[in-house]
Amino acid sequence: MANVIVVAGAGVSGLTSALLLSKNKDNVITVVAKHMPGDYDIEYASPWAGANVLPMATEEKSRWERRTWPELKRLTEDVPEAGIHFQKARVFRRKKDESAPGVHVADPLFSANPWYQSVLPDYRELGPNEVIPGHDSGCEFTSLCINTAIYLPWLVGQCLKNGVVFKRAVLTDIRDAKALSHTGQPAKIIVNATALGSLKLGGVKDETMMPARGQVVVVRNEYHPMIATSGTDDGATEITYIMTRAAGGGTILGGTYDVGNWESVPDPNVAVRIMKRAVDVAPGLTGGKGIEGLSVIRHGVGLRPYRRDGVRIEAEEMKGDDGETVVVVHNYGHAGWGYQGSYGCAERVVELVEGIVRG
Ligand code: FAD
């Protein structure tokens, strides 16, 4: 018998969940969402991401990132049309950032003996001559960068190939998704991948959800390797990273990580600081011409779906208006690591769905 499933949300979390679920031919899947790949909206985080793999989890919580890397690596090696390329990453540390105030979401990235050195290839500590001025140490490893403008539509295409149907819908309550399967039958399982939408969505209303605002500047200049630094002198919410996307996607200069800030309009002062910091840590970005040598494609702002207690991936039984039970499998709250944890999280969604189907 078919398992009628509705996935709510078409960001990287909903699409990856739908893709892995669609590999089982007993699952009949509809994806419903307010925003779909191709849209740019402040309520839709996925298009704004860099997106690269710079592990942020502690070792105890590293399952999602550990289990995602092999699949992203396979796609990079074997599926060029997914729009991902390998890039070396260099991470630079300052001692003073270890005790600096602010939200330290990416602390494990900057640890001196990180768990991910056994997962990401070619890890090595940098020699003193390789560390950029103003920093105390650093490391290098092989990572990758996803061109999200190519990758998200690619995910949709893979889902379509497996029979997934896509529909636009704006839900006021997660249980409303039960009636939205393209089959006309009520869904037995709903996957909730509505990210920041879960803050106000009826049936969920998770008040621990909040935005972690990220402002970026996208430029035509290319730069290798990717760079991330442990802190800046421009305040606790400002960070520095550089990554050149695959397939002509431009280079993302970041950024900010501003928890609780909903502002959708790029702040020009922040933009100048981002560009200045980028040419400071990577003068080669403009061949030594400074900020004037940058060719700006656009300024952008995305809201990372931050959850105070970390990602929520679990099944919850809910009663609908009709008195019937529906099971909601939640997969939301990925903050700044939604791509680099996407396959690990979607794999857990599949395990939960299989458990529900088995009863
Ligand atoms: P979203 O992409 O926000 O999708 C939510 C979906 O739910 C949308 O389709 C929306 O329309 C739908 N929805 C919401 N509410 C409703 C409703 N009521 N009814 C119907 N539909 C609804 N991650 C990385 O791994 N690497 C990076 O380098 C990286 N860099 C980033 C840089 C920036 C500037 C930003 C902003 C984010 C970055 N991220 C990165 C984080 C990543 O973008 C997010 O973790 C990820 O996109 C979250 O995906 P999602 O599918 O959970 O949410």
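The values are calculated or read from the model by the stated rules, or taken from the named source; none is laboratory data. What you are looking at is a predicted structure, and each value in this text was computed from that prediction instead of being measured. In this analysis, Cβ positions are derived from the backbone assuming ideal geometry, glycine residues included, and neighbour counts consider all displayed protein chains.
For this structure, a couple of remarks:
- Extreme residue, farthest from the ligand (Cβ to nearest atom), among residues of segment 145-166 that are polar (S, T, N, Q) and not in a helix (DSSP H, G or I): N162
- Looking only at segment 11-36, residues that are touching a Phe, Trp or Tyr at 6+ places or on another chain (Cβ under 9 Å), more than 9 Å from the ligand (Cβ to nearest atom) and outside any helix (DSSP H, G or I) come to 1 in all.
- Any pair with Cβ under 8 angstrom, 6 or more apart, that starts in segment 122-134 at a residue that is outside any strand (DSSP E or B) and ends at one that is at pLDDT below 95 and of a type in the set (F, W, Y): none
- Residue in segment 196-233 that is farthest from S111 (Cα to Cα), counting only those that are without any contact (Cβ under 8 Å) to a residue 60 or more places away in the chain and either part of a strand (DSSP E or B) or hydroxyl-bearing (S, T, Y) (or both): G202
- Test result for E316, acidic (D, E) and surrounded by 15 or more Cβ atoms within 10 Å (Cβ to Cβ): yes
- Failed condition for V270, given (1) closer than 26 Å to E207 by Cα; (2) among the β-branched types (V, I, T); (3) part of a helix (DSSP H, G or I): (1)
- Residues that are more than 9 Å from the ligand (Cβ to nearest atom) and under 15 Å from the mean Cα position of the chain (by Cα) within segment 41-61 comprise I42, P55, A57, listed in sequence order.
- Looking at A247, A236, just one residue is modelled with pLDDT under 95, assigned to a loop (DSSP other than H, G, I, E, B) and either more than 13 Å from the ligand (Cβ to nearest atom) or touching a Pro at 6+ places or on another chain (Cβ under 7 Å) (or both), and that residue is A236.
- For segment 319-345, taking the residues that are of a type in the set (A, V, I, L, M) and over 13 Å from the mean Cα position of the chain (by Cα), the one that is modelled with the lowest pLDDT is identified as V326.
- Considered as a group, the residues in segment 194-233 that are charged (D, E, K, R) and in contact with a strand residue (DSSP E or B) (Cβ under 8 Å, 6 or more places away or on another chain) include one that is nearest to the ligand (Cβ to nearest atom), and that residue is R213.
- Scanning segment 322-353 for residues that are aliphatic (A, V, I, L, M) and in contact (Cβ under 8 Å) with a residue 40 or more places away in the chain gives V326, V327, V328, V329, A335, A346, V349, V350, V353.
- Some residue of segment 167-181 being more than 14 Å from the ligand (Cβ to nearest atom), in contact (Cβ under 8 Å) with a residue 60 or more places away in the chain and surrounded by fewer than 17 Cβ atoms within 10 Å (Cβ to Cβ): no
- The set of residues in segment 284-322 being over 19 Å from W64 (Cβ atoms) and assigned to a strand (DSSP E or B) consists of V296, I297, R298, H299, G300, V301, G302, L303, E316, E317, M318, K319.
- Condition met for D280 (part of a loop (DSSP other than H, G, I, E, B), more than 14 Å from the ligand (Cβ to nearest atom) and of a type outside the set (K, R)): no
- Search result, residues across segment 59-94 that are surrounded by fewer than 18 Cβ atoms within 10 Å (Cβ to Cβ), without any contact (Cβ under 8 Å) to a residue 60 or more places away in the chain and in contact with a helix residue (DSSP H, G or I) (Cβ under 7 Å, 6 or more places away or on another chain): E59, F86
- Put simply, of A335, A346 the only residue that is closer than 21 Å to M210 by Cα, within 16 Å of the ligand (Cβ to nearest atom), in the same structural domain as I174 (by the TED database) and surrounded by 18 or more Cβ atoms within 10 Å (Cβ to Cβ) is A335.
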